[in-house]
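For reference, the structure discussed in these notes is given below.
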Amino acid sequence: MKLVTIHQPNYLPWPGFFHKWLLADVFVVLDTVQYHKNEWQNRNRIKTASGAQWLTVPVSYRFPQRIDEVGIAGGPWARKQIAAVEQAYAKAPYLDDYWPPLKALLERPWPRLAELNTEVIRLMGGMLGCTAPLLVASSMQIRSDDPTGRLIDLCKEVGGDAYLSGREGRNYLDADAFHEAGIGLWFQEVQPPHYPQLHGDFIPYLSALDMLLNVGPQAANMVRAMGEMRR
């Protein structure tokens, strides 16, 4: 079985995003679908002394642009995010081990959101032990505009015979179409892992950055153990 998983390029994703990658043989960044405002493509959360805080990348977007067409707006957003992370995690045990390369990425000029997100995903995935190839949909052949057909095309493009969806895929994917295409359909089942955090009571569903800075090399095993895949 060659298992493919496909996900939109989220910004500083939560651990469950990387759990899918760890399970898969190929990970495809789906940057060819329409961008949606106020979701996870340009923002995520860290934990501060005041609770969860959003880190948001400002974008220049016009409906109905695809994700790979969305530009990053100007302004000191990167400097503000760097300051927020360094203040919130000043006492985190693994700040010096994992933050410098991410900081260096944020300091670079990025014209497009998808480019930034893909490199952030690639870097964080490496820190979490993700070794399966990461490919980008905009550089691949996609013939169908149908949500299920698009995924089938991408699976075929990389020689996959099984597809791993998030749990919510049960609500919209056409299972019969996958069967007719000869592609097995699997679904991810995950629960947010608990781990030591700074600043009081545990908050789930934060960026995986929070986990990396708090538990360091243990994070990879925690992510791998946070769930499974089912038919």
Tally of residues being within 18 Å of LYS2 (Cβ to Cβ) and in a strand (DSSP E or B) across region 179-201: 5
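In this structure, does ASP176 turn out to be open to solvent by 20 Å² or more (accessible area, probe 1.4 Å), free of Cβ contacts under 8 Å to residues at least 40 places away in the same chain, in a loop (DSSP other than H, G, I, E, B) and among the charged types (D, E, K, R)?
Working: open to solvent by 20 Å² or more (accessible area, probe 1.4 Å): yes; free of Cβ contacts under 8 Å to residues at least 40 places away in the same chain: yes; in a loop (DSSP other than H, G, I, E, B): no; among the charged types (D, E, K, R): yes.
So ASP176 fails the test.
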Members of region 135-151 that are open to solvent by less than 60 Å² (accessible area, probe 1.4 Å), outside any helix (DSSP H, G or I) and out of contact with any Ser or Thr (no Cβ under 8 Å at 6 or more places or on another chain): MET140, SER144
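Could you pull out the residue among ALA73, ALA88 that is surrounded by 15 or more Cβ atoms within 10 Å (Cβ to Cβ), of a type outside the set (S, T, N, Q) and more than 30 Å from LEU151 (Cβ to Cβ)?
On the way: ALA73 fails: surrounded by 15 or more Cβ atoms within 10 Å (Cβ to Cβ).
Criteria check complete, one pass: ALA88.
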Residues (surrounded by fewer than 18 Cβ atoms within 10 Å (Cβ to Cβ) and closer than 18 Å to PHE17 by Cα) located in region 108-131: GLU115, GLU119, ARG122, LEU123, GLY126, GLY129, THR131
Where GLN53 falls short, out of the listed (1) modelled with pLDDT of 95 or more; (2) over 28 Å from GLY166 (Cα atoms): (2)
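Please go through region 16-58 and pick out each residue that is assigned to a strand (DSSP E or B) and either crowded, with 19+ Cβ neighbours inside 10 Å or under 12 Å from the mean Cα position of the chain (by Cα) (or both).
Initial filter on region 16-58 (assigned to a strand (DSSP E or B)): 26-29, 34, 43-48, 51-56.
The answer is VAL26, PHE27, VAL28, VAL29, ARG43, ASN44, ARG45, ILE46, LYS47, LEU55.
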Meets criteria (in contact (Cβ under 8 Å) with a residue 40 or more places away in the chain and surrounded by fewer than 20 Cβ atoms within 10 Å (Cβ to Cβ)) for LEU105: no
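The values are calculated or read from the model by the stated rules, or taken from the named source; none is laboratory data. Everything numeric here is computed off the predicted structure, so don't read it as measured data. Glycine also receives a Cβ, built like all others from the backbone with ideal geometry; neighbour counts cover every protein chain displayed. For accessibility, only protein heavy atoms count, side chains too; no ligands or nucleic acids. Shrake-Rupley method; radii C 1.70, N 1.55, O 1.52, S 1.80 Å.
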